[in-house]
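Read the structure below first, then the notes.
The values are calculated or read from the model by the stated rules, or taken from the named source; none is laboratory data. Since this is a predicted model, take the numbers as computed values, not measurements. Backbone-built Cβ (ideal geometry, glycine too); neighbour counts: all protein chains shown.
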Amino acid sequence: MSDACNAKENIGYEIDRIRPALCDLSHKIHANPELGFAEHKAVQWQTELLQDHGFSIETPYSGLETSYKATFIKGTGGPAIAFLAEYDALKGLGHACGHNLIAAMAVGGAIGLAKCTAPVNGKVVVIGCPAEETGHGKVILLNNGGFDGIDFAMMIHPGNRNLIGRSGLASTRLDIEFFGKAAHSKEPAEGINALTALLNTFTGIDTLRQVWRDDARINGIITAGGVASNVIPEYAAATFTVRSRTGQYLHKMIADIGRVADAAALVTGAKSKVTTGLVSTERYPNRVMGETFKANMALLNETMTYPPAGLQVGSSDFGNVSMVIPAIHEYLAIATTEVKNHTPEMAGAACSPRSDAVLVKGAQGLAMTGHDILASAELRKRIVDEFQQTMAADRQEVS
Ligand SMILES: [Zn+2]
């Protein structure tokens, strides 16, 4: 039997051994949903388990209260592999995105790789990434240097298909406000109607849709539109989610929307204020890493495929990580394709006998892939070569 084969059997065995603790971790996080930046219990439970298995823990980490870094040195140290944990829930829906499983797979994968007795040198790291849903936690961690020293990053998201190499859209949130002047509605000329300015902005954005690229996506809601129908609104506000295939095009859209808001202000006399949130970039999945993961999942009797043409893609702050470090964000099915993300049905699927089984296999697949990377300088070179070529080639034209 080869060394690689022995190592993988060893990883499988080690993760099977901690299956009760990993399922317990997943179930506890699921039963105690915490919103972004408030995931205190989730961080405590993950770091306790990692510490029990010899990891050194830093928390809070990199400027975020509910972030953490867990590190285990193998042999003499060397390339650092980070398993990324997410653990925030959705308001009103609990763990309808299954982040309890992302956390448990990252923790399990890291422990499995740390315990593997095959002689490789490297660093096994878990980075606890808060607030994926609402707060762009990874963007903040990246800006604060939280990914410095990491050579490769991996995570698995639960879903309704087994997928590798799925892309993601760039996205951000825009807040647009107008400040006018209140007046009695019988004397509208005395006022400046902030709501009219806001409605003109919605109309202007609809005009822009005609000239934007097909991948441009924008949806907005009015969050303030006046307080009484017999008063000219002095204040109006809206929040938009803006998406496109690339961060570069997203910036063009933001600039266009800024001009629409300026124009609405000019027409109505209201003052405009546009606030742009943090930008999640598009995603660059590393194919060599993805193929390595696919081969390992095949050993665990799971078939991984590339996304079918036309499959909708979402956005995640993982995109920003993939532009800095070779990285993968793969998907394992915990439900049938009728079950959609961010629904009560997906929340149910995220804590089930099937999701327990998937979490064990996911952790094993992550650990095996981590082992392959640490064990082969040739594989590391192929991964890094692809990353560098992708980053050099994929600077998109704006128009
Ligand atoms: Zn998610």
Among 117, 134, the single one that is away from the ligand (no atom under 15 Å from the Cβ) and modelled with pLDDT under 95 is 117
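Looking only at segment 65-93, count every residue that is out of contact with any strand residue (DSSP E or B) (no Cβ under 8 Å at 6 or more places or on another chain) and surrounded by fewer than 21 Cβ atoms within 10 Å (Cβ to Cβ) and tell me the total. Let's see the steps before the verdict.
From segment 65-93, those out of contact with any strand residue (DSSP E or B) (no Cβ under 8 Å at 6 or more places or on another chain) are 65, 76, 88-93; that's our starting set.
If we keep only those that are surrounded by fewer than 21 Cβ atoms within 10 Å (Cβ to Cβ) too, we end up with 65, 76, 90-93.
Count: 6.
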Quick check: is even one residue across segment 68-88 closer than 24 Å to residue 355 by Cα, touching a Cys at 6+ places or on another chain (Cβ under 9 Å) and of a type in the set (A, V, I, L, M)? yes
Given 246, 303, which one is at negative phi, more than 16 Å from the ligand (Cβ to nearest atom) and either modelled with pLDDT of 95 or more or surrounded by fewer than 16 Cβ atoms within 10 Å (Cβ to Cβ) (or both)? 303
Quickly run through segment 51-81 and pick out the residues that are of a type outside the set (A, V, I, L, M, F, W, C) and assigned to a strand (DSSP E or B). 56, 58, 61, 68, 69, 71, 74
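Scan segment 168-197 for residues that are within 16 Å of the ligand (Cβ to nearest atom) and out of contact with any Phe, Trp or Tyr (no Cβ under 8 Å at 6 or more places or on another chain) and jot them down. Give the steps one after another, and end with the answer.
Here is the first cut: in segment 168-197, the ones within 16 Å of the ligand (Cβ to nearest atom) are 168-169, 171.
Once the filter is applied, which keeps residues that are within 16 Å of the ligand (Cβ to nearest atom) and out of contact with any Phe, Trp or Tyr (no Cβ under 8 Å at 6 or more places or on another chain), segment 168-197 yields 169, 171.
Please indicate, with yes or no, whether at least one residue in segment 37-60 is away from the ligand (no atom under 16 Å from the Cβ) and aromatic (Phe, Trp, Tyr).
Yes, there is a match, as at least one residue in segment 37-60 is away from the ligand (no atom under 16 Å from the Cβ) and aromatic (Phe, Trp, Tyr).
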Of all residues making up segment 62-80, the number that are in contact with a Phe, Trp or Tyr (Cβ under 8 Å, 6 or more places away or on another chain) and under 22 Å from residue 371 (Cα atoms): 6
May I ask you to verify whether residue 283 is basic (Lys, Arg) and within 16 Å of the ligand (Cβ to nearest atom)? yes
State all residues of segment 344-372 that are among the polar types (S, T, N, Q), crowded, with 16+ Cβ neighbours inside 10 Å and more than 15 Å from residue 155 (Cβ to Cβ); if no residue qualifies, say none. 355
Condition first: touching a strand residue (DSSP E or B) at 6+ places or on another chain (Cβ under 9 Å) and crowded, with 17+ Cβ neighbours inside 10 Å. Now tell me which residues in segment 23-58 satisfy that. 30, 33, 37, 39, 42, 43, 46, 47, 50, 53, 55, 57
Scan segment 122-146 and report the pairs whose first residue is among the hydroxyl-bearing types (Ser, Thr, Tyr) and whose second residue is part of a strand (DSSP E or B) and within 16 Å of the ligand (Cβ to nearest atom), with Cβ atoms within less than 9 Å and a gap of 6+ or a chain change. 134/90
Residues in segment 175-224 that are farther than 19 Å from residue 241 by Cβ, touching a Ser or Thr at 6+ places or on another chain (Cβ under 6 Å) and of a type in the set (A, V, I, L, M) total 1
What number of residues in segment 88-110 are in contact (Cβ under 8 Å) with a residue 24 or more places away in the chain, in a loop (DSSP other than H, G, I, E, B) and either on the phi < 0 side of the Ramachandran plot or away from the ligand (no atom under 11 Å from the Cβ) (or both)? 7
Residues within segment 156-207 that are of a type in the set (S, T, N, Q), buried (at least 18 other Cβ atoms within 10 Å of the Cβ) and either without any contact (Cβ under 8 Å) to a residue 40 or more places away in the chain or in a strand (DSSP E or B) (or both), tallied: 2
Give me a count of the residues in segment 1-50 that are without any contact (Cβ under 8 Å) to a residue 12 or more places away in the chain and assigned to a helix (DSSP H, G or I). 8
Just one of the numbered conditions (1) over 30 Å from residue 295 (Cα atoms); (2) at pLDDT 95 or above; (3) surrounded by fewer than 16 Cβ atoms within 10 Å (Cβ to Cβ) is not true of residue 149; which one? (1)
